[in-house]
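In what follows, a structure is listed as structure tokens, so that the remarks can point back to it.
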Amino acid sequence: MSDIELLNNLEKEGVQITESDLNKTLLDLEIFGLVRVSWLTKDKKRIELVT
């Protein structure tokens, strides 16, 4: 899933989060080994769950 899709899905669920806060949270999750984040384009990231 892309970071844009994740933000849109969170908004649909009623979760209000800024892009900056999402990036900080994704970094924490990546440090804990729960997700993997990679760049798709200059402005778009790919987020994958680590199983």
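Quick note: the coordinates plus some simple rules give every number you see, no bench work behind them. Keep in mind that what you see is a predicted model, and the values were worked out from it rather than measured. Using ideal geometry, Cβ is built from the backbone for each residue, glycine included, and neighbour counts are taken over all protein chains shown.
Within region 17-38, being surrounded by fewer than 10 Cβ atoms within 10 Å (Cβ to Cβ) and either over 12 Å from Asp3 (Cα atoms) or aromatic (Phe, Trp, Tyr) (or both) holds for Ile31, Phe32, Gly33. A residue that is among the charged types (D, E, K, R), exposed (fewer than 12 other Cβ atoms within 10 Å of the Cβ) and in contact with a strand residue (DSSP E or B) (Cβ under 6 Å, 6 or more places away or on another chain) occurs somewhere in region 39-47. For Glu11, the criteria (1) outside any helix (DSSP H, G or I); (2) exposed (fewer than 12 other Cβ atoms within 10 Å of the Cβ); (3) without any contact (Cβ under 8 Å) to a residue 12 or more places away in the chain hold in every case but one, which is (1). Within the set Leu27, Leu6, the sole residue that is free of Cβ contacts under 8 Å to residues at least 12 places away in the same chain, in a helix (DSSP H, G or I) and not β-branched (Val, Ile, Thr) turns out to be Leu27.
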